[in-house]
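In what follows, a single structure is set out as structure tokens and then discussed.
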Amino acid sequence: MSIVISQIGKCLGVLAVMGTAAYVAALPPQAQAVLLNQSGFNTDRPKRFTAPGAEDGARFTVVGRDGTVRFHGTIQGGVGDFSDFGPTDGRDFRVVVEGAMGGGESVPFGIG
């Protein structure tokens, strides 16, 4: 157990030393990082993600489990804001980004 924790600590330390820009630069060139800082969001609270490699004006969508587009917007300053999205069925959404640097998607998350 302590070995696993030690390895996780080392990985986090590397990420802290590298910084987000270096981490994103280390990703494969076709990948667009779409990063969430939590596994779910409250319906009536801010909902944002970062896409550090995306240019201003790049489009993003929030899609449901079946791939249906439920919300869309644009990225500004590497941040996408979908705070106005307030679904009544709060499970298994993903953010999908398409921009000049390529496409990418977030891990699934809930809203509720």
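The values are calculated or read from the model by the stated rules, or taken from the named source; none is laboratory data. Not measured: the values here are computed from a predicted model. Note that we place each Cβ from the backbone using ideal geometry, even for glycine, and neighbour counts take in every protein chain shown. For the accessible areas, the whole protein counts, side chains as well, though only heavy atoms, and no ligand, DNA or RNA atoms are used. Shrake-Rupley method; radii C 1.70, N 1.55, O 1.52, S 1.80 Å.
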Hey, what's the range 30-110 come to in accessible area per residue, 1.4 Å probe, Å²? 55 Å²
Counting only backbone N atoms under 13 Å from a point 7 Å out along Cα-to-Cβ of Arg59, the residues of the range 75-98 in range are 75, 96-98
Low-density loop positions, chymotrypsin sites (Phe, Trp or Tyr not before Pro), the range 64-112 - DSSP coil, at most 16 other Cβ in 10 Å: Phe85
Ignoring ligands, DNA and RNA, please state the percent of accessible area on the range 44-96 from carbon and sulfur, probe 1.4 Å. 44 percent
Could you check the spin-label model distance between Asp66 and Gln38? Points 7 Å from the Cα along Cα→Cβ, value in nm. 2.8 nm
Computed FRET efficiency, Cβ-Cβ of Thr74 and Val107, R0 30 Å: what is it to the nearest 0.05? 0.90
